[in-house]
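Undergrad: Before I ask anything, here is the structure I am working with.
The values are calculated or read from the model by the stated rules, or taken from the named source; none is laboratory data. This structure is a prediction, so every number in the text was calculated from the model and none was measured. Please note: Cβ atoms are built from the backbone with ideal geometry, for glycine as well, and neighbour counts cover all protein chains shown.
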Amino acid sequence: MSKHLESGNFKDIDRAFITEMVYGILKWRLTIDFIISSFSKIRLKKVSSWILNILRLGVYQLVFTDRIPVSAACDESVKLAKRYGHVASSKYVNGVLRNISRNKNKIKYPNRKDNLVKFLSVSYSHPIWMVDNWLKRYGEEFTEELLKSNNETPSFTIRVNTLKISKTDLKKSLEEEGFEVDEGRYAKDALAIKNPKSLQKIDAFTKGYFQVQDESSMLVGRVLNPESGDVVLDVCSAPGGKSTHLAQLMNNRGRIVARDIYKHKIKLINQAAKRLGINIIEAEVFDAGVLDEKLKDSMDKVLVDAPCTGLGIVRRKPDIKWAEKKEGKSEIIKLQKKILSTSSKYVKKGGIIVYSTCTIEPEENQHVVEEFLKNNEEFSLEDISEDLPELVTEKRGFIQFYTNKHEIDGFFIAKMKKRS
């Protein structure tokens, strides 16, 4: 969406409004549809997608914002219905929205005691199957906290590029530009920006002084912990955030092979590396599920940031809630296992492999790692308490982050070592 906003001739205030509408409706879609169905005499399945989306736009403004007058929300929605429907459509939209505006405080939501799953699903706009799974796994209190956190606006964090500037100097420079800057929660090179509008248009970004990246993603690099001179492979690298961080941790000395299956994403890796002043990354197209014989037993460190359901980053990408299906997970898990198994062949004796995902599903995380270790006895979990001392209180080789518990993206990170 940002690409279209940037290419259009929009004022900042219009761009902000459009962004809020799109993400707000994606975030609250299930709740919005519940409200519409409570006031519509026509079943939503029979309403055209154009008219349904216009209704969603109107309901979001009426129920989830307090800055837009009722008359404006209704009138503009009716105009859109006339444009993309017909006279009857506009009358239908007008009737539904006016009714909702008069009775929004009387909406009857599902009763918590009668049906906890449906209550949480509608209250926090998450699919029934997802809520049911999490309730069984985490219990009522944790699940409700998780659902709530998924609807909150995440912190906007950047990684200081210490190859070019110190954290202190960048913080001072950003504050002089009018940005409100705080320290990150856990990552040493992280800064949190409270008012990030136009941040990526300033000279400090163009000059490569920082990279936009969530802290949980930065912690992956900390766990892999590459050293200057290492030979590193990042098998699922695009768009390059983790690869460029690894290069930074290596002081831009050594070699990083950064791969992705799509050619256009290789361009993103190269662009990021160039802007950040990094020259040790070799970006190339390669399928992570296919074994590259020439790299066998040659890597000091290997990073597998595997494809996943993405259920740890719902607050950033609310469309994930509606894109993912309960039945679709099995194919992703097969791919994860294949990529991890293939990538392990590149690790030299005494080398390290890190497996990470941006999901909170144990079937994609701990279970994948446990099966891999069972089938590959030359690998064992490596203690990460020294990599993340402020987060790990016991010696173990993996960690799971949750948005509600850690206030960063939901990530899983496991570290394994190949015996010498």
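Undergrad: Return the total of residues in the range 104-139 being of a type in the set (D, E) and either touching a helix residue (DSSP H, G or I) at 6+ places or on another chain (Cβ under 7 Å) or under 23 Å from D319 (Cβ atoms) (or both). Can you show your working first?
TA: Taking the range 104-139 and keeping what is of a type in the set (D, E), we get 114, 132.
Still in the running and either touching a helix residue (DSSP H, G or I) at 6+ places or on another chain (Cβ under 7 Å) or under 23 Å from D319 (Cβ atoms) (or both): 132.
Final tally of qualifying residues: 1.
Undergrad: To continue, here is another question. Can you name every residue in the range 157-186 that is of a type in the set (A, V, I, L, M, F, W, C) and either modelled with pLDDT under 95 or in contact with a Lys or Arg (Cβ under 6 Å, 6 or more places away or on another chain) (or both)?
TA: V160, V181
Undergrad: For the range 126-136, state whether one or more residues are under 30 Å from K197 (Cβ atoms) and polar (S, T, N, Q).
TA: No.
Undergrad: Next question, about the same structure. Please list, ordered by first then second residue, the pairs with beta carbon atoms under 6 Å, 6 or more apart or interchain, first in the range 294-313 and without any contact (Cβ under 8 Å) to a residue 60 or more places away in the chain and assigned by TED's automatic domain parsing to the domain that holds I281, second in a strand (DSSP E or B) and buried (at least 18 other Cβ atoms within 10 Å of the Cβ).
TA: C308/T357
Undergrad: From the residues in the range 75-130 that are assigned to a loop (DSSP other than H, G, I, E, B), in contact (Cβ under 8 Å) with a residue 40 or more places away in the chain and on the phi < 0 side of the Ramachandran plot, which one is surrounded by the most Cβ atoms within 10 Å (Cβ to Cβ)?
TA: My answer is H126.
Undergrad: Scan the range 140-162 and report the pairs whose first residue is assigned by TED's automatic domain parsing to the domain that holds V314 and in a helix (DSSP H, G or I) and whose second residue is surrounded by fewer than 19 Cβ atoms within 10 Å (Cβ to Cβ) and among the hydroxyl-bearing types (S, T, Y), with Cβ atoms within less than 7 Å and a gap of 6+ or a chain change.
TA: Sorted first by the residue in the range 140-162, then by its partner, the list stays empty.
Undergrad: Separate question: Taking A187 as meeting all but one of (1) in a loop (DSSP other than H, G, I, E, B); (2) surrounded by fewer than 23 Cβ atoms within 10 Å (Cβ to Cβ), write down the number of the exception.
TA: Among (1) in a loop (DSSP other than H, G, I, E, B); (2) surrounded by fewer than 23 Cβ atoms within 10 Å (Cβ to Cβ), A187 violates only (2).
Undergrad: For the range 287-325, enumerate the residues that are touching a strand residue (DSSP E or B) at 6+ places or on another chain (Cβ under 6 Å), over 15 Å from I360 (Cα atoms) and surrounded by 18 or more Cβ atoms within 10 Å (Cβ to Cβ).
TA: Matches in the range 287-325: M299, D300, K301, V302, L303, V304.
Undergrad: Residues that are within 26 Å of M416 (Cβ to Cβ) and over 22 Å from the mean Cα position of the chain (by Cα): find the helices (runs of 4 or more DSSP H) completely inside the range 195-278 holding 2 or more of those.
TA: Working: elements: 203-206, 215-224, 241-249, 263-276.
Per the criteria, 241-249.
Undergrad: Please specify each residue of the range 219-232 satisfying the condition of being in contact (Cβ under 8 Å) with a residue 60 or more places away in the chain and either outside the structural domain of K348 (by TED's automatic domain parsing) or on the phi > 0 side of the Ramachandran plot (or both).
TA: Across the range 219-232, the qualifying residue is only N225.
Undergrad: Being touching a helix residue (DSSP H, G or I) at 6+ places or on another chain (Cβ under 6 Å), of a type outside the set (F, W, Y), on the phi > 0 side of the Ramachandran plot and modelled with pLDDT of 95 or more narrows it down to one residue among G410, G310; which is it?
TA: Result of the check over G410, G310: G310.
Undergrad: Can you pull out every residue in the range 286-343 that is assigned to a strand (DSSP E or B) and among the β-branched types (V, I, T)?
TA: Within the range 286-343, V302, V304 qualify.
Undergrad: Quick one: would you say K274 is at pLDDT 95 or above, among the basic types (K, R), touching a Phe, Trp or Tyr at 6+ places or on another chain (Cβ under 8 Å) and more than 30 Å from K395 (Cβ to Cβ)?
TA: The answer is no for K274.
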